[in-house]
Amino acid sequence: MHTPELSIEFFPPQTTEGAEKLRTVRDQLAVLQPAFFSVTYGAGGSTRERTFATVQEIAAAGFEAAPHLSCIGSSRAQLRDILDEYDAAGIRRIVALRGDLPSGVGTAGEFRYANELVEFIRAESGQRFRIEVAAYPEWHPQAKSPRDDLIAFQRKVAAGADSAITQYFYNIDAYLHFVDEARALDVDIPIVPGIMPISSFSKLARFSDACGAEIPRWMRRKFESFGDDSASVKAFGLDVVTELCQRLLEAGAPGLHFYSMNQAEATLAICERLGLMPQAH
Ligand code: FAD
């Protein structure tokens, strides 16, 4: 099996305790030698300062940091300022997204879709940033049709994206099909599967409904059968996600992007089982 490129996602902590904990988590996860740590960005710029501070801290500690940046609800001038700030801070990779406005909050702004943000970043900053975009193996919940979603993805790549990270999924066939369809459209950038470790089922179920990721019936039924037995939930979660990763890598996935939820334990356990701890090589 090839050595996959790993990346790990955080959200910007809200409190000083959260920031302190994230430093510990980051240092624990650093043993995996990830290509980068990414940091999410709240709808309409609501975490602008916290995302920036978190990214700066990661970079200052000597790691590659990739801020997420969403365009919905923002003006060109605001986005230009943010790009300048990141450039001055030595950031070289951005995860470019449309984002979602919470219902009833703010206005759409000057951008409607992520391909427009990718175009804007390229027009403003040339090749200064490596650009990651989102991909949806089970299709984005607002997509008119799978075909429309695939074409929207192709548009982001044509606008200048270098690489893609997928929404998480537990059905490997969805990912393989998506990659095949993208390749058939001559989209040749890496499409890195997003991996959501499972440590609590009820949270995952709520979240999955909202973002359109399917938890297959056989998994859902089994998780439900564990009730409050969190040790069994974790053990089964570790088994299924490790097996998913193993099969993805065997099928040629170029890397794995972990949605860590600012926790180290599950990501480390999965990578250890996969033999991806550097000392295991
Ligand atoms: P787009 O690629 O613009 O697609 C959005 C929808 O519009 C799709 O249904 C697409 O089919 C459709 N579409 C695109 N172009 C057109 C067009 N020209 N005409 C008609 N329809 C079109 N959210 C955050 O708020 N902050 C984050 O930090 C964040 N990080 C994420 C990281 C990853 C890896 C992923 C997968 C998602 C992340 N999200 C984040 C969630 C993301 O913002 C939402 O899924 C959002 O609804 C779509 O963003 P997008 O960049 O995929 O949008």
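The values are calculated or read from the model by the stated rules, or taken from the named source; none is laboratory data. Since we're looking at a predicted model, the values are computed, not measured. Using ideal geometry, Cβ is built from the backbone for each residue, glycine included, and neighbour counts are taken over all protein chains shown.
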(request) For the range 142-167, enumerate the residues that are more than 8 Å from the ligand (Cβ to nearest atom), of a type in the set (Ser, Thr, Tyr) and touching a strand residue (DSSP E or B) at 6+ places or on another chain (Cβ under 7 Å). (result) 163
(message) Which numbered condition in (1) under 28 Å from residue 141 (Cβ atoms); (2) polar (S, T, N, Q); (3) at pLDDT 95 or above is the only one that residue 232 fails?
(response) (1)
(request) Please report, ordered by residue number, the strands (runs of 3 or more DSSP E) entirely within the range 1-88 with at least 1 residues that are of a type in the set (Asp, Glu) and surrounded by 19 or more Cβ atoms within 10 Å (Cβ to Cβ). (result) 5-10
(message) Out of 228, 209, 239, I need the residue that is surrounded by fewer than 19 Cβ atoms within 10 Å (Cβ to Cβ), assigned to a loop (DSSP other than H, G, I, E, B) and of a type outside the set (Val, Ile, Thr). Which one?
(response) 228
(request) Report, by residue number, each residue of the range 119-141 that is within 9 Å of the ligand (Cβ to nearest atom) and of a type outside the set (Phe, Trp, Tyr). (result) 132, 133, 134, 135, 140, 141
